[in-house]
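Asker: My questions all concern the structure below.
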Amino acid sequence: MQYLNEADVTAVRQTDMPLQRTRTGYGSKLPTSWMIQLHKLYWHRVYVILWSNSGTAYIIVRGKKLYLGSFEPSQFA
């Protein structure tokens with residue numbers, strides 16, 4: 001399991017909410033309205049794995065998941 005290095009984050013933005021992909025609201029790749037930019041290059045959508053009442057946020061970089069851990073996009077300064 002790889003975690004996001006917070007020092008690599010150069011910007012955070014909130015966009016319109018993407019369409020929900022599941023009827024139940026649970027799943028392994030639920031898009032959020034948050035996007036994170038790494039190294040002033042590409043923007044990456046924040047996704048959530050959500051089962052039961054627990055969720056884990058991550059982004060996909062070069063086909064691999066980077067988990068956000070304690071990084072909270074809304075608190076980025």
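Asker: Scan the stretch 19-51 for residues that are in a loop (DSSP other than H, G, I, E, B) and among the β-branched types (V, I, T) and jot them down.
Answerer: Step one: filter the stretch 19-51 for residues in a loop (DSSP other than H, G, I, E, B), giving 19-26, 39-42.
Passing the criteria: T22, T24.
Asker: Output the residue which, of all residues in the stretch 52-74 that are in a strand (DSSP E or B) and over 15 Å from M1 (Cα atoms), is farthest from the chain's Cα centre (by Cα). So that I can check it myself, show each step before the final result.
Answerer: Going through the stretch 52-74, the residues in a strand (DSSP E or B) turn out to be 54-61, 64-67.
Now drop any that are not over 15 Å from M1 (Cα atoms), which leaves 54-55.
Numbers: S54: 15, G55: 11 Å.
In this case the residue turns out to be S54.
Asker: For the stretch 1-44: of the residues being at pLDDT below 90 and hydrophobic (A, V, I, L, M, F, W, C), which is surrounded by the fewest Cβ atoms within 10 Å (Cβ to Cβ)?
Answerer: L19
Yes or no, residue by residue, for (1) in contact with a strand residue (DSSP E or B) (Cβ under 7 Å, 6 or more places away or on another chain); (2) farther than 16 Å from S74 by Cβ; (3) among the hydroxyl-bearing types (S, T, Y); (4) touching a residue at least 12 places away in the same chain (Cβ under 8 Å):
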position	(1), (2), (3), (4)
K29	yes, yes, no, yes
I36	yes, no, no, yes
W43	yes, yes, no, yes
V48	yes, no, no, yes
W51	no, yes, no, yes
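The values are calculated or read from the model by the stated rules, or taken from the named source; none is laboratory data. What you see is a predicted model; the values in this text were computed from it and never measured. Every residue, glycine as well, gets a Cβ built from its backbone with ideal geometry; the counts of neighbours run over all protein chains shown.
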